[in-house]
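Shown next, in structure tokens, is the structure this report addresses.
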Amino acid sequence: MGRRLLFLGPQGVGKGTQAAKVAQLIGVPHVSTGDMLRQAVAEGTDLGMQAKALMEAGDLVPDELVVAMVKERFAKPDALCGYLLDGFPRNQAQAEALDVAMNGEAIELVISMTADEDELLRRMQERAEREGRSDDTPEAMKRRLALYWDETAPLTEYYPTQQVRVAAVDGMGTIDEVFHRIVAAIAELDP
């Protein structure tokens, strides 16, 4: 039986990097809504065109579009044995829609990654320069961080009310140091 994990954390904390490493380790697909949206933009799909303007402004794509995209992804054969969600849900409405989309299955563990804001902004700027992301302007970065704290961070309080364990993981340090902290949190699922 695979794992159903959710990674939360502000932009720049290293969720994508860590999620890819952890998904490979435990043998489940890394389901990144950010990557899925950027691919849709690059391919010029209807969803991509709708999302492009919102993403460039630092706004979030509407819940119904993201929920539909994630439901479609869960139906693929590789996700039937588990998955690692990265970038979704971003608010309680999405979390509730995810619960419905999971047809009675539940997230087993939420990994909530943290780092100080100056480090987050530095990492985001570095990534923007390295990857040439048009959606990573300084204004958009600050707006996305504010949206995270207002809308997504409260999920660390929502999930315990759904009997889902939340493990806080310090995202400061080297990639390997953070990875080992996450692996230790996952190991606690199996007594």
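Taken together, the values in this text are just the output of simple stated rules run on the coordinates, not laboratory data. Fair warning: this is a prediction, and the values are worked out from it, not measured in the lab. Here Cβ is always computed from backbone atoms with ideal geometry, including for glycine, and neighbour counts include all displayed protein chains.
Over the residues of the chain, the helix contribution to mean residue ellipticity at 222 nm works out to -16000 deg cm²/dmol, using -39500 (n - 2.57) for each DSSP H run of at least 4.
Each other residue within a Cβ distance under 15 Å of Thr161 adds +1 if Lys or Arg and -1 if Asp or Glu, for a net charge of -2.
Simple point charges give the picture: +1 on the Cβ of Lys and Arg, -1 on the Cβ of Asp and Glu, and for the stretch 39-191 a dipole about the Cα centre of about 180 debye.
Legend: calculated FRET efficiency, Ile26 to Ala106, from the Cβ-Cβ distance at R0 = 22 Å, rounded to 0.05, equals 0.85.
Count the net charge of all other residues whose Cβ sits under 14 Å from the Cβ of Leu121, scoring Lys and Arg as +1 and Asp and Glu as -1.
Values: positive: Arg122, Arg123, Arg127, Lys142, Arg143, Arg144; negative: Asp116, Glu117, Asp118, Glu119, Glu126, Glu129, Asp136, Glu139.
Its environment carries a net charge of -2.
Between the residues Ala57, Met172, Asn91, the greatest Cα displacement towards the positive end of the dipole of the chain, with unit charges on the Cβ of Lys, Arg, Asp and Glu, is found for Met172.
Multiplying the residue separation of Asp46 and Asp190 by 0.36 nm and removing their Cα-Cα distance gives an extension gain of 47.6 nm. The value of relative contact order for the chain, using C-alpha pairs under 8 Å at least six residues apart, is 33 percent.
Computed 3J(HN,Hα) for the stretch 98-106, one whole-Hz value per residue from the Karplus formula 6.51 cos²θ - 1.76 cosθ + 1.60 where θ = phi - 60°, is 4, 4, 5, 5, 7, 6, x, 7, 10, glycine and proline marked x.
A cut-off under 13 angstrom between Cβ atoms defines the neighbours of Ala95, and their net charge, with Lys, Arg +1 and Asp, Glu -1, is -4.
Determine the distance separating the Cα centre of the stretch 77-123 from the Cα centre of the stretch 1-63; give it in Å without decimals. Going from one Cα centre to the other spans 10 Å.
Among Val70, Ala185, Cys81, whose Cα sits farthest toward the positive end of the charge dipole of the chain (+1 at Cβ of Lys/Arg, -1 at Cβ of Asp/Glu, about the Cα centre)? After comparing all options, I get Cys81. A full extension of the chain between His180 and Lys142 corresponds to an added length of 10.8 nm, given 0.36 nm per residue minus the alpha carbon distance. In order along the stretch 86-96, the Karplus-derived 3J(HN,Hα) couplings, from 6.51 cos²θ - 1.76 cosθ + 1.60 at θ = phi - 60°, round to 9, x, 8, x, 10, 7, 5, 4, 5, 4, 5 Hz, and Gly and Pro are given as x.
Please work out the FRET efficiency for the pair Ala75 and Tyr158, using the Cβ-Cβ distance as r and a Förster radius of 22 Å; give the result to the nearest 0.05.
Details: r = 25 Å, r/R0 = 1.14.
For Ala75 and Tyr158, the calculated efficiency is 0.30.
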